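Participant: One structure coming up, written as structure tokens, with questions to follow.
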Amino acid sequence: MVGLLSSCASAPATPHTVRYIGLKVYDPVYIAQAQGFFAQHELDVQILDLVAGGPTALQAIAAGQAEAGLSSIPAIINANQANLPILGVADIQSILPNQALKQWYVRADSSIAQPSDLRGKKIAVNLVRSSFDYSLDLLLDQAGLQRSDVEVVLLPFDQQGTALLSGHVDMIGLLAPYTGQLEARAGAQVRVLLDGHAVFGPQRQISQIVVNRTWAAAQPETARRFVAALAEACDWANAHPNEARQIIAAATGVEAEAIPDYAFAPGGRVSVEDVAWWMEVLRRRGDLSSTTLRAEQLVWN
């Protein structure tokens, strides 16, 4: 009996499993995995590569094909309006005072000198009803233009640079690590027309890591461990940008030298205020009709 109890007491706890849909962006999940934060919280995080974009990932998470993933805040709002059990739990993309996050590029020889010159031009967007899609509406509105004044072309981030240089589109919108990759490869052939600060101001949360709300309610301890590890990863990345850059390079295939400095909200905290701001953006566009949905229902720190 003594021997049996002793062996049971020394046996490691069974890891909690979380299936995560990764989209090869600057993601604290890769950092938490590489630095052992998940292991310290006795989590077995399995990074899946099932889909090409956040809204599709949300469908898979809601269907139980994975427990977690990432998404733009507009897609989180749309998912909840459609009664999908999606809950934002950690920061992944934030415009901060020292981080514009988003960059819109034109060719260096383009006649486009300011946003009002975009009338009649082709503009690449990675996904419909994504943060870049809604950002385009904000950008055009500030320039006195409407969506009907431009032609929108859907292209993944990793294809937009080639499309711009070949003349297939006139403007593209990227974020890290793809901004640094484009500038490293294209150099003086491209220039920044405007950035996230010009569209959103000094600070705005754009995207979050999400979990299946029903799963989190059924497995609260696993969900808490997952979020705790993400918070540690965000703070570690903020304190160790050079080391974090190497991890992201290995995870995304983008050269480390081309990846710019990147920061997360302290502790990876999600912003309820920014979710409420995005809800108003969606209401103005006519995509959010619910009168009962509240920002506090969509996120959890």
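Participant: Please work out which one of (1) in contact (Cβ under 8 Å) with a residue 60 or more places away in the chain; (2) among the small types (Gly, Ala, Ser); (3) farther than 17 Å from Val199 by Cβ is the condition Ala176 fails and give its number.
Facilitator: (3)
Participant: While we're looking at this one, here's another question. Of the residues Val169, Val89, only one is under 19 Å from the mean Cα position of the chain (by Cα), touching a residue at least 24 places away in the same chain (Cβ under 8 Å) and open to solvent by less than 20 Å² (accessible area, probe 1.4 Å); which? Don't jump to the end; show me each part of the working.
Facilitator: Details: Val169 fails: under 19 Å from the mean Cα position of the chain (by Cα).
Every option except Val89 fails the conditions.
Participant: Can you pull out the residues in region 131-164 that are more than 26 Å from Ile92 (Cβ to Cβ) and among the hydrophobic types (A, V, I, L, M, F, W, C)?
Facilitator: Ala143, Leu145, Val150
Participant: Within region 213-228, can one find any residue that is within 17 Å of the chain's Cα centre (by Cα), aliphatic (A, V, I, L, M) and assigned to a helix (DSSP H, G or I)?
Facilitator: yes
Participant: Can you name every residue in region 210-233 that is small (Gly, Ala, Ser) and either touching a residue at least 12 places away in the same chain (Cβ under 8 Å) or within 10 Å of Val29 (Cα to Cα) (or both)?
Facilitator: First, pick out the residues of region 210-233 that are small (Gly, Ala, Ser): 216-218, 223, 228-229, 231, 233.
Ala216, Ala223, Ala228, Ala229, Ala231, Ala233, listed by residue number.
Participant: Which one is least open to solvent (accessible area, probe 1.4 Å) among residues in region 97-119 that are out of contact with any Pro (no Cβ under 8 Å at 6 or more places or on another chain) and within 21 Å of Val270 (Cα to Cα)?
Facilitator: First, pick out the residues of region 97-119 that are out of contact with any Pro (no Cβ under 8 Å at 6 or more places or on another chain): 98-119.
Remaining after also requiring within 21 Å of Val270 (Cα to Cα): 98-102.
Values: Asn98: 133, Gln99: 17, Ala100: 15, Leu101: 16, Lys102: 0 Å².
It comes out as Lys102.
The values are calculated or read from the model by the stated rules, or taken from the named source; none is laboratory data. Since the structure is predicted, the reported quantities are computational estimates derived from the model, not experimental observations. Cβ atoms come from the backbone with ideal geometry, glycine included; neighbour counts cover every protein chain shown. The accessibility values were calculated without ligands, DNA or RNA, using every heavy atom of the protein model including side chains. Shrake-Rupley method; radii C 1.70, N 1.55, O 1.52, S 1.80 Å.
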